Each structure stands twice: as structure tokens, then as C-alpha cells.
1. So, with +1 on the Cβ of K and R and -1 on the Cβ of D and E, and no other charges, what is the size of the charge dipole of the stretch 60-178 about its Cα centre, to the nearest 20 debye?
2. Answer with one residue from 112, 50, 169: the one whose Cα lies farthest towards the positive end of the charge dipole of the stretch 38-180, charges on Cβ with Lys, Arg +1 and Asp, Glu -1.
3. For residue 144 and residue 54, compute 0.36 nm times the residue count separating them, minus their Cα-Cα distance, and round to one decimal in nm.
4. Along the principal axes of its C-alpha atoms, what lengths does the stretch 84-165 span, in descending order and rounded to whole Å?
5. Pop the C-beta distance of residue 128 and residue 18 into the FRET formula with R0 = 45 Å and round what comes out to the nearest 0.05.
6. If the label point is 7 Å along Cα→Cβ of residue 33, which residues in the stretch 106-125 have backbone nitrogen under 16 Å from it?
7. So what is the relative contact order of the stretch 1-156, in percent, for Cα pairs below 8 Å that sit 6 or more residues apart?
8. For the chain, what does -39500 (n - 2.57) per DSSP helix run (n ≥ 4), summed and divided by total residues, give at 222 nm, in deg cm²/dmol to the nearest 500?
Amino acid sequence: MSRIGIKPIAIPQGVDITIDDKNFVVVKGPKGELNKQLSKEMTIKKENDQVVVERPTNNKKHRSLHGLTRTLINNMVIGVTEGFEKKLELKGVGYRAAKQGNKLVMNLGFSHPVEMEDPEGITVEVPSQLEIVVKGADKQLVGSHAAKIREWRRPEPYKGKGIKYSDEYIRRKEGKTGKK
């Protein structure tokens, strides 16, 4: 059995989950509303204050969909209750970030500042000039937007300059040495 898929998902207070017959799941909570079309092959049931995911057969496809479906629903529940966040750090001379309305403006060593608009459902905060925090209810959107920000200047291995995740480790390389 799937160790993840068989676990029931507890529904916290203030969260409302609706599941239609084609596995279209809508989760409403204090931080917003998320909806997702999940695989029609899985059986999703709402029992008491829990959501249970069951698979029809034991073949490889259904085993992999079992855990995936349960995790997607669990992430939706966590998203509407607590939310998700990714922290980014800027490192480099002259690198800084600022917030102007719903735009993130970054100076990253280009001849022009880089401007990025916040997508719907995502909030970007700049606690200091060298920190960016991406928050939202949808885990996939938060990760995707953080990756787009990071893509402007990936951290390089010699000095570590660029935009990196706060928990990311940059493996450093040794620079050139002079002739002997």
C-alpha cells in the first residue's frame, strides 16, 4: 500500500471542501479558495472531518496517482489555512530589491532595473533590500514565481553572486591561480 496515499486528510475548522463526481475539488478557507481537477481514476470521499483517497487497482499507475492525489489535496488544505512562502536572498555589489505598488523592482547589475508584476493570488514582500519573500495559498504558484525571480540572476559558483533561496547551499569553486 501507498504509505502516503492511505493516510486520511484531516479537515481543520473553517475549511470547506467540495468534491464533485468528476473529482473536481474546491477547497475554501481563511486564506482563499483553491480548485483543481484531479485524476478521475481515483476515488475521493469526504467522511466526517476527513478526506480519504482510494485507488481502484494495484497497478503501477494507480499506485503513483494514489499518493499524488492525496498530497495535492493536502497541499490545498495547508494553503488555504497557513499558506506557503519562499524566501530569496540577493548577494552582490549593487544588487537590491524594492516594492513599488504591485511591482517588484530589482537592480541586478543590468543597465536597467528589472520589473516583475505580482501574479494573481501571490504577494511579494521585501523586508530589506537584500531579501524577497513570495507568499500565497497555491504551493505551485509560489514556487513557480520564486523560480522566475531567481532566473534573472542565478547564483554563480565563484563569488556566490546572484539570487538564491535562503535555504540553498551554493557549492563554491576555486578561482584561477597565477602562473608559476
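1. Details: 23 positive and 15 negative charges, 151 e Å.
Computed about the Cα centre, the dipole is about 720 debye.
2. Result: 169, furthest along the dipole toward the positive end.
3. Details: separation 90, 0.36 × 90 = 32.40 nm, distance 2.94 nm.
Length gained between residue 144 and residue 54: 29.5 nm.
4. So the extents along the principal axes, rounded to whole Å, are 35, 25, 19.
5. Numbers: r = 41 Å, r/R0 = 0.92.
Approximately 0.65, to the nearest 0.05.
6. 121
7. Working: 275 pairs, mean separation 30.4, N = 156.
Once divided by the residue count of the stretch 1-156, the mean separation gives 19 percent.
8. Working: 2 runs with 35 residues, N = 180.
Rounded to the nearest 500, the figure is -6500 deg cm²/dmol.
Throughout, read-outs are computed from the coordinates displayed, never taken from laboratory work. Since the structure is predicted, the reported quantities are computational estimates derived from the model, not experimental observations. Cβ: placed from backbone, ideal geometry, glycine included. Neighbour counts: every protein chain shown.
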